[in-house]
Structures are given as structure tokens and as C-alpha cells.
Amino acid sequence: MKMSEISQILIPKGFRFAAARAGLKQSGRTDFALIVADAPASAAAMFTANRVTAAPLTVDKQHLRMTGGRVRVVAINAGNANCAAGQAGLDAARATCAAAAKTFACKPEEVFPSSTGIIGVPLPAEKLIAVLPDMVAALGAESDHFEQVAQAILTTDTVEKTAFARVAIGGKEVRIAAVGKGAGMIHPQLVPHATMLVYVLTDAFMEPAVLDDYLRRVVEVSFNRISVDGDTSTNDTVLLLASGASGAAVGAGDSDFALALKQVCTSLARQMVADGEGVTHVVELRIEGAATDADALLAAKAIAHSPLVKTAWAGCDPNWGRLMAAIGYSGAAIDPERIDIWFGELRICRNGSRAAEFDEVAAHAYLRQPEFSIRIELNQGSGACGFWTTDLTHEYIRINADYST
């Protein structure tokens, strides 16, 4: 089943797609995908904050600087992260770019490589290069071609992840489509500040600098607000491309475009959490009344990353004391005697102590739902944030204990 909160598939104009079996995945499934712009597209990207960085990310940053933010071909492989492979990893990424550039008659620096999979294994670029001719013949701009990309880039994911939106700009329809992967090793910290890979496409016309501003703003309230296990991957990437093929120009600060972009990115981010490795509960955290928004985020991350909290959720245990402990060491400014907590509409904690109306049976029943919300009021100011996370289960351990074998 494909996970997409927006049912209508809307493919932006100016892009074509293909996928192939290059032989990287042990399963034999498709593992190499291309997104090809009909002409060099405006581009903006954000990458992991991990200081151990995969080779394709190094190449991507160089290429974006060299082109001033233009991309013609996105080449994505799954089954090998091309990370911690030294000079051989850089050579493999660059060889793939050179071959793709020759295939599509563009400059090597207009190729944007991405990789996901096991770290520390040399990437056999020759396998990717060998299937390029077949992929050229298979390129298409229809929804099934887009879906092929969504399938090919998966690793431990169990479902495809896509999202779509459209918005009227200057009397013309602008489409936005996003495809991504991510199920484990998910706590993106994307900066200028399994792996998460996200590719967002639009057929609006935008200059790279404008695109970059939209991307930075939307990442902060979507992909930087999720966590499955607290690990930050070496390969995390979000790429935003604008083909201009709709004929609609979008300038800075267009609220309609910004809202549609946020809708798409938030949908994709939440789908990643829902498909987290071994997940049985998806949790929406709402932190309110913090001294600042930054403090609210500190509190949310401390809760989302606590093994004690996450295992309590796995057991549907309404142990709200673990939430209090995590808030206490989060670094956020707090007064312990002013904290209030709700599980959905159930009042759990009042002024830092067990609420008189706390009903343990009802709270346990509420936490048995596959999705639930927890709201925490710190009563320190107007800072707030939303954050999506998961429980931590035996199945997560099994998946990651067996991943490379």
C-alpha cells in the first residue's frame, strides 16, 4: 500500500522518471532511480549535520556551487550508502555523474547523486552505469514512472512515500510532488545547519536563491520535527527542484506556494514516522507555553529520544513521570511546579503533580491507539512546537540487529 495523504497524483511538468535493477539490493528489487529535468532546473538542497558525510553529499555540494544551483539529473541508488569508503567513494559518485552526463548530454556538475544503504561498503558504480541505457529507454512523465522512483529508493521501508499538492499562481496551476524514503536512523538535522532522502519537485519558475529560502523555512517545520530513533544519518538529503515548465513565476514570500509546500513536506515527514522500523505507535507531541520556540523544541526532542519514554509508549504505559524527567534534563527553561500534561483530552498532570482527575485505566486505553497525541504546557511564555515521533519496540531491535547480514 502506498502511503500518501493526498489521494490525487499530480506530476509537475518538466520532469521524467525511471528505475532499474542494478544489482545492489540482495532482494533483487529495483535499486537505481533517475529524475531527469527536461532542462536544467533551479535547485536548493539541505544535508545532514552528521560530520561523517557520505561521498555523494560532498559531490552534491560541489556541484551546486559550480552550477549556481542548477540540476539536470538526479541519480539515486539504494542498497549502498557510499559512505566511509574514502577516495573510492568519491570516485564512484563522480563516475556515476560522468556517465549520466554523457547519457543526457549535460555537464557532470549538473548531476546530483544520492545513495542509501549500508555504510562502509564500496559502491560498484559500474553496476549503475551499466543500466543507464535501459533507463533512458524507460523514461516517462506519467504517475507510474514517478511511482517506480518511489519504490526503487526504499531500504527498510515497508511502503512508498509520496505527497502532492497544487496551487494557482498568477492564474496558472503550479504542481508540487514529493517522493522520499526513511524508516530508521531518522532524526534529521538538516543544515547549511535507514537514511532520509527527499526529492520535492515543482513546475513553478523560481531562481535558486528564492527556492533556497522556501526550502530552509519548510524543512524547519517538517523534516526537522520528526524522530524515529534519534540517530542522524550520514546521508540525509532534501532536494527541491523547480522546472519552470508551468509558466508560473513564484517570487519570495508567496504565502499560497509556501502553504502548499508545507503541506507536501509535512505529509511526507509524517509518513516516514508512521513507517518507522518496528513502530506500533505514532505520537504527536505538542509543547506549548515554553520560554521560546527553541526551548519547546528542546523539550520535544528530549521526550522523543528517551528510551524510557519510548518503551513506555510501546507498552501503552501512562508513565507520565518519564515525560517530566525528560523535560527536566532537556535544557529548556522550566518551573517543575507549573507543568501540565494531557494525553489527548485526558488531564494527566497539573502543576507538576498527578492531576486529581487522572484516570489510569482511561489513560492506558488511550495509549493503546496506534496514533495518539500528548500536549505539554510549560507555562513559561509563548514558545511552542509540534513534533512527531514513535515508540521503541522489540521489532526495531530485530530489524537493526540483522540489517547487514
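The values are calculated or read from the model by the stated rules, or taken from the named source; none is laboratory data. Since the model is a prediction, treat every value here as computed from it, not as a measurement. Reconstructed Cβ throughout: ideal geometry from the backbone, glycine too, with neighbour counts over all protein chains shown.
Miscellaneous remarks
- Boolean, Ala355 is touching a strand residue (DSSP E or B) at 6+ places or on another chain (Cβ under 7 Å), more than 19 Å from Val283 (Cβ to Cβ) and of a type in the set (A, V, I, L, M): yes
- Among the residues of the stretch 198-210, those that are surrounded by 24 or more Cβ atoms within 10 Å (Cβ to Cβ) and either outside any loop (DSSP other than H, G, I, E, B) or modelled with pLDDT under 95 (or both) comprise Val198, Tyr199, Val200, Leu201, Thr202.
- Scope the stretch 30-81; condition aromatic (Phe, Trp, Tyr) and over 22 Å from Ala105 (Cβ atoms); matching residues: Phe47
- Only listed residue being within 20 Å of Trp388 (Cα to Cα), acidic (Asp, Glu), outside the structural domain of Gly182 (by TED's automatic domain parsing) and modelled with pLDDT of 95 or more, chosen from Asp335, Asp317, Asp359: Asp317
- Single residue of Ala39, Ala84 found to be in contact with a Gly (Cβ under 9 Å, 6 or more places away or on another chain), at pLDDT below 95 and either surrounded by fewer than 24 Cβ atoms within 10 Å (Cβ to Cβ) or not in a loop (DSSP other than H, G, I, E, B) (or both): Ala84
- Members of the stretch 323-340 found to be in contact with a helix residue (DSSP H, G or I) (Cβ under 9 Å, 6 or more places away or on another chain) and part of a helix (DSSP H, G or I), listed by number: Leu323, Met324, Ala325, Ala326, Ile327, Gly328, Tyr329, Pro336
- Every test in (1) part of a strand (DSSP E or B); (2) surrounded by fewer than 24 Cβ atoms within 10 Å (Cβ to Cβ) is passed by Leu34 save one, and that test is (2).
- Against the conditions (1) part of a loop (DSSP other than H, G, I, E, B); (2) in contact with a Lys or Arg (Cβ under 9 Å, 6 or more places away or on another chain), Ser373 satisfies every one except (1).
- Meets criteria (at pLDDT 95 or above and either assigned to a loop (DSSP other than H, G, I, E, B) or aromatic (Phe, Trp, Tyr) (or both)) for Gly276: no
- Hey, Leu190 surrounded by 18 or more Cβ atoms within 10 Å (Cβ to Cβ), at pLDDT below 95, closer than 14 Å to Thr30 by Cα and not aromatic (Phe, Trp, Tyr) or not: no
- Taken together, Leu297, Leu239 contain a single residue that is within 27 Å of the chain's Cα centre (by Cα), at pLDDT 95 or above, in the same structural domain as Glu110 (by TED's automatic domain parsing) and surrounded by 16 or more Cβ atoms within 10 Å (Cβ to Cβ), which is Leu239.
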